[in-house]
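K.L.:
Below is one structure. I have some questions about it.
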Amino acid sequence: MTVILNDKTLTVEPGTTLAQLLDAQNIKPSGIATAVNGNVVPAVKRAETPLAEGDKIIIITAFYGG
């Protein structure tokens, strides 16, 4: 199935969770915020959040500066 990760189209297996997608893309789960179709997904919910065809996933990396 096809999902969109930060404007990049990816093909994943049906039943893939958000946590599995992050792992497959070598994205460290700490220090990021995630949303699926505009809905924030807390870190504790990523492993139980299945993705569906056409889902739009946004990942924002936290950074600090002055």
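K.L.:
How much length, in nm to one decimal, is gained on full extension between Lys28 and Ala47, taken as 0.36 nm per residue of separation minus their Cα-Cα distance?
P.N.:
So the extension gain works out to 5.5 nm.
K.L.:
Let me ask something additional. Return the distance in nm (one decimal) between the two label points of a simple spin-label model at Asn37 and Ile58, each offset 7 Å from Cα along Cα→Cβ.
P.N.:
1.5
K.L.:
Given a 1.4 Å probe, how much area per residue of the chain is accessible, in Å²?
P.N.:
On the way: 4520 Å² over 66 residues.
I get 69 Å² per residue for this part.
K.L.:
Over the chain, what is the relative contact order in whole percent, taking alpha-carbon pairs under 8 Å and six or more residues apart?
P.N.:
Values: 104 pairs, mean separation 28.3, N = 66.
Dividing the mean separation by the residue count of the chain yields 43 percent.
K.L.:
Taking a quarter of the surface of the Cα convex hull of the chain, what do you get in nm²?
P.N.:
For the chain, averaging the hull's shadow over all directions gives 4.6 nm².
K.L.:
Follow-up question, since we're still on this one. I'd like to know which of Pro29, Ala62, Val41 lies farthest towards the positive end of the charge dipole of the chain, counting +1 on Cβ of Lys and Arg and -1 on Cβ of Asp and Glu.
P.N.:
The listed residue farthest towards the positive side: Ala62.
The values are calculated or read from the model by the stated rules, or taken from the named source; none is laboratory data. Just so you know, these numbers come straight off a predicted model, no measurement behind them. Note that each Cβ is placed from the backbone with ideal geometry, even for glycine, and that neighbours are counted across all protein chains shown. These area figures cover heavy atoms from the full protein model, side chains too; ligands, DNA and RNA do not enter into them. Shrake-Rupley method; radii C 1.70, N 1.55, O 1.52, S 1.80 Å.
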